[in-house]
Amino acid sequence: MNTMRLTESAVDTDIKITAKDVQVYYGDNHAIKDVSVEIQDKTVTAFIGPSGCGKSTFLRCINRMNDTIDVCRVQGDIKIDGEDIYDKRVDPVQLRAKVGMVFQKPNPFPKSIYDNVAYGPRIHGLAKNKADLDDIVERALRRGAIWNEVKDRLDAPGTGLSGGQQQRLCIARAVATEPEVLLMDEPCSALDPIATAQVEELIDELRKSYSVVIVTHSMQQAARVSQRTAFFHLGNLVEYGETGQIFTNPVDPRTENYITGRIG
Amino acid sequence: MWWPLNGTDNGTLRMSITAILFLAVLALCVLGYSLARNRALAGAGGDRRLLHSLPTYYGTNAAMFTAVPALGVMVIWLLAQPMMIETRVQGMIPASFIDEGSSIGLVMNDVRRVADGLDLAVKSGGLSADDARKLSANSDVRGMLADRGVALGSDVKPEVLAAAQTYRSAAATGRMWMVVVVMGLALIGFAIAVSLSKPDFRARNVVERGILALLMVAASLAILTTLGIVLSMLFESINFFRVHPASDFFFGGSWAPNFRGDSDLSILPLLWGTLYISLIALTVAVPIGLFAAIYLSEYAGPKLRAVAKPLLEILAGIPTIVYGLFALLTVGPALVRVFGRGDEGLLGVEWMSGATAVLTAGLVMGIMLIPFVSSLSDDIINAVPQAMRDGSLGLGATPSETIRQVVLPAALPGIVGAILLAASRAIGETMIVVLGAGAIAKFSANPLEAMTTITTRIVSQLTGDTDFSSPETLVAFALGLTLFVLTLGLNVFALIIVRKYREQYD
């Protein structure tokens, strides 16, 4: 697969996540085949590809969310900062605190806005006292670019916000636990164009602090927000490289067909 | 105790005429169906595409027009006729005729029995219809009826015989007119529907409205029945409060029915027993049921779930009398072994003397409620969207943290509703407390003592050979009404809570 990877030159950041020969099975269905990829720190990496190509499945491997699905089996190595996350000694619960996730549909808990954001810090004991927790919540909401909209109604239920606000709340909730990697599974597919623009702007901000991996169906979105792009097709990683190069000068004919709209 | 049912033998006779009439209407229905269908088809020259509706709709329409008004009137007639005749015959009986200590109701019972006896005699051929009409009180009516198997309490008095004869003739006239009216309506409906059956008649729309009406009748019957139950309880309760002070019933301190009259009939000791037992039952059922539901919905694998859930629900299918036996024969003696028997008991204490106690009934009732709570909670927990769980797990929460902090709060309104429904079942439960709780009405906080509940008292006040109009009997209705109001209040409260805290998920 390494032959597929092109110019590494322009990137001077560290490798955050290394996946090697990853296989995923749902029962008898071989969903991910031999995927090897290196994801860089402080970078937005987009996974694109037609529906059912395995991009979401691969994303869920990175924080072991697939463990919650009974029939799912994962083989191969996935390392974050050189540490094998599928090692027996790794607690998936600890891992998920380090690798945050934002889902396709905004899923705020049926709690207040404050409690939604404070949820992770409380579970992991990140705050020393109430004032500290207040700080963490405010910082997270500011990072989620939603502070100004909700600062006067932190006690209102999170479910009462609009769709775009809910999704930014979920992003704030995810960054409140100070993760190192942020996984986003089609975070804008349930949002209107204005909310999408806000979230995309936010993603660009988040890049300064985190390694962001985003799955998206929209090639324009991948082109707008990501620095590197991986193209998945039928469970294979077809091509992985700098976003500009993938979109303007793809090596593999399947990539070209997909981005020009001939398959997918 | 003889309790004459209204018109047993007379009933069979009337039934036969009613049955023939019913069959006749049905036959007309079938005839109307095929006639209307064929007429509509013939009108379209045999081409069903030219009809507004499918041919069966024209048939159904005709059947509907024939049967519904006719059968509806028949039902009303059958319900109303006895009442009207009764009032008329009652007027014939002089007030002086009613003995001291008797009532018009008892005399009317005699009248009905004589009338039924005459009917039976005519039917079996022992008496011609003409003779039955002219029979005078001088002949031995009682002996003759006794030969036919109709036993009368005393000799038939002339007034009663006359009333009985009027009763018979009025019933016969009524039946005749019913046949005329019902058949007339059926024929009119039949004629109208068949003549309407032309190709451009919108039979389908009419049938649709008929179906709507049918569904509405079914829905309103259920509501009206509830209303009827409440009203009947209400009237008897009013009768009770006429003969017994309401202040004693609601605020008195003791329950001591006394068949010579002058009883203490206060609901408070019974209410205390009811609530105490229900509280123990809920303390058992709610944690166990809820934990079982959480295990089944969140942790158990599909195979285990497929076996365990039906097994748990079998508990719900056990008749409560069986739970009562379990309380009496197993749980009660086991509790006595622990808390009673002095030095021979497990704890060496003498706190509990008999097997029937609040704790016995409460524990067993709790077991009965477990599947109720767990099944409802399981459904509610499953209805919490998976996205909630993913969100929490994705933040690094453990499964139990996820359940405690996200799933249960989201499911809470539903779970509270389930608990309140279980509570209203516990309050209304009868057989377990009849067998397990004892029969002593008192205020006591000791769960090892026997106590009694509202439901058991209703049973004991209404069974046995008591005067129906005495306060000791009528109190059962006041108790029932209070119980009804109590459970209704709980259910309404449950609904309000569920509505108020319901979270909207897309």
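The values are calculated or read from the model by the stated rules, or taken from the named source; none is laboratory data. For clarity, every value in this text was computed on a predicted model and none was experimentally measured. Backbone-built Cβ (ideal geometry, glycine too); neighbour counts: all protein chains shown. Note: accessible area is taken over every heavy atom of the protein model, side chains too, but ligands, DNA and RNA are not part of it. Shrake-Rupley method; radii C 1.70, N 1.55, O 1.52, S 1.80 Å.
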Rounded to two decimals, the Rg over Rh value of region A:85-235 from Cα coordinates and the Kirkwood Rh reads 0.97
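So what is the accessible area of the protein assembly as shown per residue, in Å², with the probe set to 1.4 Å?
Working: 37360 Å² over 770 residues.
Using a 1.4 Å probe on heavy atoms only, each residue of the protein assembly as shown averages 49 Å².
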Sites A:D204 and A:Q23, calculated FRET efficiency, Cβ-Cβ separation with R0 22 Å, nearest 0.05
0.10
By DSSP, what percent of the beta bridges with both residues in the protein assembly as shown are antiparallel, rounded to the nearest 5?
60
Counting Lys and Arg as +1 and Asp and Glu as -1, each charge on the Cβ, what is the dipole of chain A about the Cα centre in debye, to the nearest 20?
420
Which ³J(HN,Hα) values, rounded to whole Hz and listed in residue order, are derived for region B:410-424 from phi using the Karplus coefficients 6.51, -1.76 and 1.60 in 6.51 cos²θ - 1.76 cosθ + 1.60 with θ = phi - 60°, glycine and proline given as x?
5, 8, 3, x, x, 5, 4, x, 4, 5, 5, 5, 4, 5, 6
Mind checking the dipole of region B:270-500: about its Cα centre, +1 per Lys or Arg Cβ, -1 per Asp or Glu Cβ, Debye to the nearest 20?
540
Sorted by chain and number, the residues with a modelled amide H under 5 Å from that of A:V102, at a separation of 5 or more or across chains, are A:L183, A:M184, A:D185
Nearest 0.05, what FRET efficiency do B:R404 and A:K42 give at R0 = 35 Å with Cβ-Cβ as r?
0.45
How many nm separate the modelled label positions at A:D152 and B:N446, each set 7 Å beyond the Cα in the direction of the Cβ?
6.4
Scalar couplings 3J(HN,Hα) for region A:194-211 by Karplus 6.51 cos²θ - 1.76 cosθ + 1.60 (θ = phi - 60°), nearest whole Hz, x for Gly and Pro, are 5, 4, 4, 4, 5, 5, 5, 4, 4, 4, 5, 4, 4, 4, 5, 9, 10, 8
Any chance you could give the angle, 0 to 90 degrees and rounded to 10, that helix A:113-123 forms with the longest Cα principal axis of chain A?
70
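Is the C-alpha gyration tensor of chain B telling us rounded, prolate or oblate? Criteria: a/c under 1.5 is rounded; beyond that, a/b larger than b/c is prolate, otherwise oblate.
In terms of gyration-tensor shape, oblate.
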Using only the alpha carbons, work out the radius of gyration and Dmax of the protein assembly as shown in angstrom.
39.6, 129
Rounded if a/c is under 1.5, else prolate if a/b is larger than b/c, else oblate: which is chain A, with a ≥ b ≥ c the root eigenvalues of its Cα gyration tensor?
prolate
Quick one: helix B:203-243 against the long Cα principal axis of chain B, what's the angle to the nearest 10°, folded into 0 to 90?
70
Using only the Cα atoms of region B:210-309, build the gyration tensor, take square roots of its eigenvalues as a ≥ b ≥ c, and label the shape rounded, prolate or oblate: rounded if a/c is under 1.5, else prolate if a/b is larger than b/c, else oblate.
oblate
Starting from the 7 Å offset along Cα-to-Cβ, what nm value, one decimal, do you get for the label separation of A:D70 and B:F493?
3.9
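Quick check: at a probe of 1.4 Å, how many percent of the accessible area of region B:270-500 sits on carbon and sulfur atoms? Could the numbers behind the result be given before it?
Working: 6990 of 9850 Å².
Whole-percent figure for carbon plus sulfur exposure: 71.
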How long is the gain from B:D467 to B:F22 if the chain were fully straight, where each residue apart is worth 0.36 nm and the alpha carbon distance is subtracted?
156.1 nm
Mind giving me the nanometre distance, one decimal, between the label points for A:K130 and B:L315, set 7 Å out from Cα along Cα→Cβ?
4.1
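Per DSSP helix of 4 or more residues, -39500 (n - 2.57); summed, then divided by the residues of the protein assembly as shown. What does that give at 222 nm, rounded to the nearest 500? Please report the intermediate quantities before stating the final value.
Values: 29 runs with 447 residues, N = 770.
The per-residue figure over the protein assembly as shown is -19000 deg cm²/dmol.
Please figure out what share of the DSSP beta bridges in chain A is antiparallel and state it in percent, rounded to the nearest 5.
Details: 25 of 42 bridges.
That works out to approximately 60 percent antiparallel.
Can you give the extra length, in nm with one decimal, that the chain gains between B:R48 and B:M176 once fully stretched, where that is 0.36 nm per residue apart less the Cα-Cα distance? Can you show the working numbers first?
Details: separation 128, 0.36 × 128 = 46.08 nm, distance 4.28 nm.
Difference between extended and current length: 41.8 nm.
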Alpha-carbon spread of region B:270-500, three principal axes, descending order, Å
67, 48, 30
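Rounded to the nearest 0.05, what FRET efficiency is calculated for B:A213 and B:L78 with R0 set to 25 Å and r the Cβ-Cβ distance? Spell out each step's value before the answer.
On the way: r = 21 Å, r/R0 = 0.84.
Computed FRET efficiency for B:A213 and B:L78 comes out at 0.75.
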To the nearest 20 debye, what charge dipole does the protein assembly as shown have about its Cα centre, counting +1 at the Cβ of each Lys and Arg and -1 at the Cβ of each Asp and Glu?
1880
Listed by chain and number, the residues whose amide H is under 5 Å from that of B:E429, excluding neighbours fewer than 5 places away on the same chain and using placed H, are none
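Please give the contour-minus-distance gain from A:T248 to A:Q220: 0.36 nm per residue of separation, less the Cα-Cα distance, rounded to one decimal in nm. Walk me through the numbers before you get to the answer.
Working: separation 28, 0.36 × 28 = 10.08 nm, distance 1.25 nm.
Taking 0.36 nm per residue and subtracting the Cα distance, the gain is 8.8 nm.
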Compute the helix-to-body angle for B:471-500: its Cα long axis versus the longest principal axis of chain B, expressed 0 to 90° and rounded to tens.
60
Within the under-15-Å Cβ sphere about B:R37, not counting B:R37, Lys/Arg +1 and Asp/Glu -1 give a net charge of +3
Comparing the chain by itself with all protein chains present, which residues of region B:378-412 are at least 50 Å² less accessible (probe 1.4 Å)?
B:M388, B:D390, B:L393, B:G394, B:L395, B:G396, B:Q405
J(HN,Hα) series, region B:77-91, from Karplus relation 6.51 cos²θ - 1.76 cosθ + 1.60, nearest Hz, glycine and proline x:
4, 4, 6, 7, 4, x, 4, 5, 4, 4, 4, 5, 5, 4, x
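To the nearest hundred square angstrom, how large is the accessible surface buried between B and A, total for both chains, probe 1.4 angstrom?
Details: alone 26950 and 12170 Å², together 37360 Å².
Approximately 1800 Å², summed over both chains.
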Region A:171-233 versus region B:372-413: alpha-carbon centroid distance in Å
27
Skipping prolines and chain starts, which residues have an amide H placed within reach, meaning under 5 Å, of the one on B:W255, given they are 5 or more residues away or on another chain?
B:S266
